[in-house]
There are 2 protein chains.
Amino acid sequence: MRYELYYWPEIQGRGELVRLALEEAGAPYVDVARGKGGVAAMMRLMGGGGARAAFAPPFLKAGKLLIGQTANILLYLGARHGLAPEADAGRLWVHQLQLTIADFLQEVHDTHHPISGNLYYEDQHREAGRRAADFLASRAPKYFGYFETVLARKKAKGAWLAGGRISYADLSLFQMVEGLRYAFPRAMARLERRHRRIVALHDRVARRPRIAAYLASPRRIAFNEQGIFRRYRELDSA
Amino acid sequence: MRYELYYWPEIQGRGELVRLALEEAGAPYVDVARGKGGVAAMMRLMGGGGARAAFAPPFLKAGKLLIGQTANILLYLGARHGLAPEADAGRLWVHQLQLTIADFLQEVHDTHHPISGNLYYEDQHREAGRRAADFLASRAPKYFGYFETVLARKKAKGAWLAGGRISYADLSLFQMVEGLRYAFPRAMARLERRHRRIVALHDRVARRPRIAAYLASPRRIAFNEQGIFRRYRELDSA
């Protein structure tokens, strides 16, 4: 079966967490909205007629299934492709970590759009300045501290968040590091010094053969100022 | 087995979505932080020592399992107590709806705290005014429109989001209506007129015998200005 991924074609965004899982799994997929007429097809599936349409991209077509919400897609892919533990406890733990990453990612988004996704950054840049300062001083350290502690304390042997096998949460944590390096290079340089386990995990993900091949391919969209991770110099802090 | 729920004792908040599921299931549970020394016990479990500590409340202790993230707790309870379909497609669909409600709820929170959870409302009330106006004009109608459409289009027979059996997502959607009625009575009066199916679903949930008993009991905390749904008159709009 070839999956169909539906997501905005010009950004990494939340879709990237799904792309990384599909790539690591070596699963055949087509990134529909990046093809001709793809965005229109995506909009039809969302607004159009389906009884189980998604509220927003990304969503994944898997045979007859149409699955929305990033963490939910990963729950599905994790079970099918060995990217999550099979036992209940481990499966729930990885999903819990993923949902925490989803919250983290939302807070990154809100650093540049604290008032409304309907307004341009320029129309809320003052509020963004306040929010980004709080994010970098308080929230990002809290999330990083949490994941660093998870890696320090885990009882399962092995290098990954859930022990010996890589999971979709590891891939998403890699992406958080990638994105924050892009968006807030000065603040991240400081944060990385205190969160060595997370940086090491990031590096291990980057060396996975399929991930390395993906990152070097044109399938990996470059970061830019339409995505969730945006580089606005005035929001970064040393 | 008696569950242990850990959540802030003075608010409904995200914990309420778990409480509603436990109550509808008739599952024995203790709301730990509402008992003597309970908040200290909760903080110990979070920061303290556990290898699988949660980032934030709520979390649920189920035997040896410690499960965090509201939607993840509901995924677990849904499977154990018949509050979600058993088949993959329905289970994922209900979880997808729940994650969409989680996003909705986060946006409600941000109407009064658009800059930082570390600051008082008074320190961000101007930004809150902008964000709440956008929320009521654009976001709340979009979410309500989505759920109204889900209820209008569903193929499965029966009154509930996923067909013939109530699910945890129905309970959470009920709570969104309850909360928004409290926080934004004027805006909600307007919204409800255009979303009759959601209002009807709310009313059906309220009539469930166990839910009705719960709502009338002292276990149901009253809405207040420490929770997610807050009534600040200046944020409401006619």
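The values are calculated or read from the model by the stated rules, or taken from the named source; none is laboratory data. Here the structure is a predicted model, which means the values were calculated and not measured. Cβ sites come from the backbone with ideal geometry, for glycine too, and all protein chains shown count toward neighbours. Surface areas here come from the heavy atoms of the whole protein model, side chains and all, with no ligands, DNA or RNA. Shrake-Rupley method; radii C 1.70, N 1.55, O 1.52, S 1.80 Å.
The interface between chain A and chain B buries about 4300 Å² of solvent-accessible area in total (1.4 Å probe, ligands and nucleic acids excluded). Here the ratio of the Cα radius of gyration of the stretch A:3-80 to 2.2 N^0.38 Å is 0.99. In a DSSP loop and with at most 10 other Cβ atoms within 10 Å, the trypsin sites (Lys or Arg not before Pro) in the stretch A:150-199 are A:Lys155, A:Lys157.
Just checking the output field for B:120-128: average partner chain Cβ neighbours within 10 Å of each residue's Cβ?
Numbers: counts 0, 0, 0, 1, 5, 0, 1, 7, 1.
The shielding value for this peptide is 2.
Mean residue ellipticity at 222 nm from the helices of chain B, using -39,500 (n - 2.57) per DSSP H segment of n ≥ 4 over the full residue count, to the nearest 500 deg cm²/dmol? Working shown, then result.
On the way: 10 runs with 122 residues, N = 238.
Rounded to the nearest 500, it is -16000 deg cm²/dmol.
Take A:Gly163, push a point 7 Å out from Cα through the beta-carbon direction, and compare it with the same point in every other copy: 3.4 nm, smallest first.
Among the trypsin sites (Lys or Arg not before Pro) within the stretch B:1-101, those in coil by DSSP and having at most 14 neighbouring Cβ atoms inside 10 Å are B:Arg2, B:Lys36, B:Lys64. Placing a label point 7 Å from Cα along the Cα-to-Cβ axis, A:Arg207 is separated from the same position in the other copies by 6.3 nm, shortest listed first. The local environment of A:Arg208, defined by Cβ-Cβ distances under 10 Å, has a net charge of 0 under the rule Lys, Arg +1 and Asp, Glu -1. Within 10 Å, Cβ to Cβ, of A:Arg186, how many net charges do the neighbouring residues add up to if Lys/Arg are +1 and Asp/Glu are -1? That sum, taken over residues with Cβ under 10 Å, equals +1. Working note: Karplus 6.51/-1.76/1.60 with θ = phi - 60° gives the stretch B:128-140 the couplings 4, x, 5, 5, 5, 4, 5, 4, 6, 7, 10, 6, 4 Hz, where Gly and Pro are set to x. Around the amide H of A:Phe55, modelled in the peptide plane, lies no amide H under 5 Å away from a residue 5 or more places distant or on another chain.
As a length-normalised measure over Cα pairs under 8 Å and 6 or more apart, the relative contact order of chain A settles at 22 percent. Between the C-alpha center of the stretch B:187-238 and that of the stretch A:86-160 there is a gap of 29 Å. Between copies, the label points of B:Gly117, set 7 Å from Cα on the Cα→Cβ line, lie 2.0 nm apart, reported in increasing order to one decimal in nanometres.
Under the rule a/c < 1.5 gives rounded, and otherwise a/b versus b/c splits prolate from oblate, where does the protein assembly as shown land using the Cα gyration tensor? Note, shape of the protein assembly as shown comes out rounded. A DSSP coil position with no more than 12 other Cβ atoms inside 10 Å describes none of the GluC sites (Glu not before Pro) in the stretch B:2-51. Of all lysines in the structure, those lying under 25 Å Cα to Cα from A:Lys64, and not within fewer than 8 positions of it along the same chain, are A:Lys36, B:Lys154, B:Lys155, B:Lys157.
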